[in-house]
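What follows is calculated from the coordinates using simple rules that are stated; it is not laboratory data. Small disclaimer: the values here were computed from a predicted structure and weren't measured. Here Cβ is always computed from backbone atoms with ideal geometry, including for glycine, and neighbour counts include all displayed protein chains.
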Ligand code: PEP
Ligand code: MN
């Protein structure tokens, strides 16, 4: 199927089998371009097209015991992927910036202990080049959603990409960021709504749950919800996670820490393994109700 960007192409030209005119600026990301839901699979674990995937783990990788302990706990409660930041985009340059390469080594140890594939953020093209082999799903953070060089670089890899919505990005800008990745040849993209900035102060961000049905309408890509960064408070994570499943999300990203009070980043919004386990019992029931399967 040709992507008819050149308006001189005409349906009566014999060499052209099919022309689809897509009025939105995002083309390959558009459901009009591909009707079936995209499913992203790593090591037999899937997100999208009826598969509900839960990505869980600490905000930052802090130590071997921390990441291995959390990985074992979330694995036991039905998570499909382990998250953990090694390269951290922090608002303050004086805050913990992540263990970098050492953090990736520790993530690999946790993967070895549990079999959980690794989701971790990459902030720079050079880091991507240096560490691509060690990552199963490349996370592009909210702050980098419009870093076009980085988007093009991940678009040229063969690894799935978890693209987080920028904190002030419209849904169209979000889908255009995904378009950068698809246009470079990589269609293994998972979208992640993580809250947008509004006037509200009682939550860290405002979770835009309506992004789920809107994105489902306009795009074939899977959309997951991160209620941890959206609310910024562990007290609200479960409610928003359950609402996301009921609204048709394809998965969740949840921050879990074995000792939230002493976490080096985002402790306030991190669930304990116990709270995560209790949430997962409810998540599983709604996933079933929605006619989907976990993992
Ligand atoms: C994260 O997932 O740890 C993170 C930094 O998220 P965001 O880019 O959504 O702020
Ligand atoms: Mn975080």
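Using the Kirkwood formula over every pair of different C-alpha atoms, what hydrodynamic radius in Å results for the chain? Don't jump to the answer; show the numbers that get you there.
On the way: mean 1/r = 0.0518 Å⁻¹.
About 19.3 Å for the chain.
What number does the stretch 145-211 give for Rg over Rh if you use C-alpha atoms and the Kirkwood radius? Please list the in-between numbers first.
Values: Rg = 12.9 Å, Rh = 12.4 Å.
For the stretch 145-211, the value is 1.04.
May I ask you to order 176-184, 273-281 by the average number of other C-beta atoms within 10 Å around their residues, highest value first? If you can, show how the numbers build up before the last one.
Values: 176-184: 22.0, 273-281: 17.9.
In decreasing order of mean packing, 176-184, 273-281 become 176-184, 273-281.
With just the Cα atoms defining each centre, how far is the stretch 126-159 from the stretch 230-272? Give it in Å.
Cα centroid to Cα centroid, the span is 24 Å.
Does anyone have the angle between helix 64-76 and the longest principal axis of the chain? Alpha-carbon axes, 0 to 90°, nearest 10?
Approximately 70 degrees, to the nearest 10.
Over the chain, what is the relative contact order in percent, taking alpha-carbon pairs closer than 8 angstrom and at least six residues apart? Before the final figure, lay out the partial values.
Details: 624 pairs, mean separation 59.5, N = 295.
Computed over the chain, the figure is 20 percent.
From the C-alpha gyration tensor of the stretch 210-254, pull out the three semi-axes of the equivalent ellipsoid (sqrt of 5λ each), sorted largest to smallest, in whole Å. Walk me through the numbers before you get to the answer.
Values: eigenvalues 81, 16, 13 Å².
Working through the eigenvalues yields semi-axes of 20, 9, 8 Å.
May I ask for the angle, rounded to the nearest 10°, between helix 171-183 and the longest principal axis of the chain, with both axes built from Cα atoms and the value confined to 0 to 90°?
For helix 171-183, the angle is close to 80 degrees.
Could I get the Rg over Rh figure for the stretch 88-154? Both from C-alpha atoms, Rh via Kirkwood, rounded to two places.
Values: Rg = 12.5 Å, Rh = 12.8 Å.
When Rh is taken as the Kirkwood radius, the ratio is 0.98.
Can you tell me what share of the DSSP beta bridges in the chain is antiparallel? A percent to the nearest 5 is fine. Show your work: numbers first, answer last.
Details: 6 of 34 bridges.
Once the DSSP bridges in the chain are tallied, antiparallel ones form about 20 percent.
What do you get for the angle between helix 273-289 and the principal long axis of the chain? Use alpha-carbon atoms, 0 to 90 degrees, nearest ten.
30
Relative to the compact-globule scaling 2.2 N^0.38 Å, provide the ratio for the alpha-carbon radius of gyration of the stretch 1-136. Present the calculation step by step, with values, prior to reporting the outcome.
Working: Rg = 20.7 Å, N = 136, 2.2 N^0.38 = 14.2 Å.
Compactness ratio reported: 1.46.
Compute the length gained on full extension between residue 23 and residue 96: take 0.36 nm times their separation in residues and subtract their Cα-Cα distance, giving the result in nm to one decimal.
Details: separation 73, 0.36 × 73 = 26.28 nm, distance 4.45 nm.
That pair, residue 23 and residue 96, stretches by 21.8 nm at full extension.
Over the stretch 171-295, what lengths in whole Å, largest first, do the semi-axes of the equivalent ellipsoid take, defined as the square roots of 5 times the eigenvalues of the alpha-carbon gyration tensor?
Details: eigenvalues 123, 66, 39 Å².
After scaling each eigenvalue by five and taking roots: 25, 18, 14 Å.
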